1. Sort through Ala164, Ala221 and tell me the only one that's among the small types (Gly, Ala, Ser), at pLDDT 80 or above and surrounded by 14 or more Cβ atoms within 10 Å (Cβ to Cβ).
2. Before we move on, is Ala73 in a helix (DSSP H, G or I) and either under 38 Å from the mean Cα position of the chain (by Cα) or among the basic types (Lys, Arg) (or both)?
3. Given the condition farther than 29 Å from Leu20 by Cβ and surrounded by fewer than 16 Cβ atoms within 10 Å (Cβ to Cβ), answer yes or no: does some residue in region 75-85 qualify?
4. Among the residues of region 59-74, what is the count of those that are exposed (fewer than 13 other Cβ atoms within 10 Å of the Cβ) and of a type outside the set (D, E, K, R)?
5. Just name the residue that is surrounded by the most Cβ atoms within 10 Å (Cβ to Cβ) out of those in region 19-46 that are touching a residue at least 40 places away in the same chain (Cβ under 8 Å) and assigned to a helix (DSSP H, G or I).
6. Would you say Asp97 is at pLDDT below 90 and either in contact with a strand residue (DSSP E or B) (Cβ under 6 Å, 6 or more places away or on another chain) or assigned to a loop (DSSP other than H, G, I, E, B) (or both)?
7. Take Leu106 and tell me if it is modelled with pLDDT of 90 or more, farther than 30 Å from Ala7 by Cα and not β-branched (Val, Ile, Thr).
Amino acid sequence: MDRRETAALLAYIGRLDPRLIRTTEREAADQLAQWHELLGDVPMATPHGWDARVAARQHIRTSPYQILPADVARRWESYRRDRLARHSDPTPSVDPDDQAAWTAELVGARRAVAAGIAQPAQAPAITSGRGGIDPKLEARLRESGSCIPPAARAALAPYRPARAAREAAVAQGQPDPFGVRCEWCLAQPGEPCRRRRVGPDGGARGTAPRATPHPGRIDLAAAQQAQQTEQVRQPTMA
């Protein structure tokens with residue numbers, strides 16, 4: 001803000017808090033010089049939510065201490081940080097091979113957001129649905145059943161034995177034990193079972209993951225699969 005805006009801000013604050021009023025011309029000039037030195041790079045207002053008068057009024061309402069120019073400057077810095085934290089750099093419209101122009105557009109966009117001239121750009125959300133899938137990728141998924149090639153899946157099997165055992169069971173038509181909750185180690189669906197060693201005090205001492213599920217979890221998955229098969233068969237027989 002310029003000196004006239006700083007003087008207007010001081011006059012506004014003086015009406016709300018008479019302690020800030022200076023009685024002599026020299027004291028008023030010194031006060032104006034001090035405030036302008038500290039608030040010269042702080043705008044009076046921006047198109048998107050910032051107003052120095054609102055910040056000053058909020059401080060006077062909530063603090064018993066006399067307002068200082070640093071109180072307004074701190075609120076301005078907080079306003080800038082909040083806007084930059086919510087800003088996601090959009091892709092510049094210039095040629096990406098022109099590094100100087102690319103950087104200049106990114107810096108200009110950030111400065112405009114921090115100064116309250118432009119709104120923060122939000123990152124595009126991931127849309128759901130099958131309309132946006134590449135037809136080539138969709139055909140490959142139908143062919144292989146997974147985005148991981150079979151050769152890569154076989155190479156990864158020794159490093160994730162629980163997942164490999166689950167995939168082998170499903171491929172053979174067996175029930176998926178990881179699709180149900182384990183009643184013994186309390187592993188949730190999709191999580192591997194864990195070795196549960198109980199200490200003398202009754203608390204669990206060990207929770208290392210198991211390569212194979214607990215037998216009770218396998219039985220529960222088999223019972224659930226049989227129940228689902230029976231439910232599908234009854235309407236067909238009817």
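The values are calculated or read from the model by the stated rules, or taken from the named source; none is laboratory data. Small disclaimer: the values here were computed from a predicted structure and weren't measured. For neighbour counting, all protein chains shown are included, and Cβ atoms are generated from backbone atoms with ideal geometry for every residue, glycine included.
1. The match here is Ala221.
2. Taking the combined requirement at face value, the residue satisfies it.
3. So far as region 75-85 goes, yes, one or more of its residues are farther than 29 Å from Leu20 by Cβ and surrounded by fewer than 16 Cβ atoms within 10 Å (Cβ to Cβ).
4. Here the count works out to 6.
5. Leu20
6. Considered against the rule, which asks whether it is at pLDDT below 90 and either in contact with a strand residue (DSSP E or B) (Cβ under 6 Å, 6 or more places away or on another chain) or assigned to a loop (DSSP other than H, G, I, E, B) (or both), Asp97 comes out as yes.
7. yes
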